Amino acid sequence: MIHGFARQNGGMLEIESEPGHGTHAHIWLPVASDGSGAVVAAPRADVATRAAMRSLVVLVADDDPLVLMNTADLLTDLGHRVIEAESGLAALDQLNAREDIALLITDQAMPGMTGTELIARARAQYPELPIILATGYGETPADAAAQLLRLNKPFTQADLQRAVADAMMQRV
């Protein structure tokens, strides 16, 4: 019920649980300040923009099954439809087979084809496709750094939601 309430109001429910440390539930709702420090409801356009992004078809490429599953679950919880690919080649196959993919999220360190190699090949065929590089490495390859939206691992659902929103805003 709380999850439904948050989503109906343009927000989200985030749950963090760690063995031995307990569980924290965060309800994120859109707010804005009126300049006096008082908090008021966010403009309807912000809520509508977030709601519209919930229907994206997102392709996620990661060779780590646990990370792939977790990322897919976080995106699904945000209202997106997710296509999973366990390698760069599998991601390219999905891109070529489907026309409804609105966003690509890829890991950097994958065997056979790195994330930046996947990005280069995807951009050659689909130059307008928004792409997020999700990586735990401190540096992005220099040839790709200026063109990439980066999501640092590990990330929370809120981090992922912000990255998706940023990627979709860059597309406009």
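We did not get these values from a lab; they are worked out from the coordinates using the rules stated. Here the structure is a predicted model, which means the values were calculated and not measured. Note that we place each Cβ from the backbone using ideal geometry, even for glycine, and neighbour counts take in every protein chain shown.
Which residues, taken from region 97-121, are of a type in the set (S, T, Y), outside any loop (DSSP other than H, G, I, E, B) and out of contact with any strand residue (DSSP E or B) (no Cβ under 6 Å at 6 or more places or on another chain)?
Of everything in region 97-121, just one residue is of a type in the set (S, T, Y), outside any loop (DSSP other than H, G, I, E, B) and out of contact with any strand residue (DSSP E or B) (no Cβ under 6 Å at 6 or more places or on another chain), namely T116.
What's the total number of residues in region 96-130 that are hydrophobic (A, V, I, L, M, F, W, C) and more than 19 Å from S55 (Cβ to Cβ)? Steps first, answer last, please.
The initial filter retains those residues of region 96-130 that are hydrophobic (A, V, I, L, M, F, W, C), namely 97, 101-105, 109-110, 113, 118-120, 122, 124, 129.
Narrowing the set further to residues that are more than 19 Å from S55 (Cβ to Cβ) leaves 97, 109-110, 113, 118-120, 122, 124.
Result for region 96-130: 9.
For region 92-139, which positions are in contact with a His (Cβ under 9 Å, 6 or more places away or on another chain) and without any contact (Cβ under 8 Å) to a residue 12 or more places away in the chain? Step through it out loud before you land on a result.
Filtering region 92-139 down to residues in contact with a His (Cβ under 9 Å, 6 or more places away or on another chain) leaves 102-103.
Result: no residue meets the conditions.
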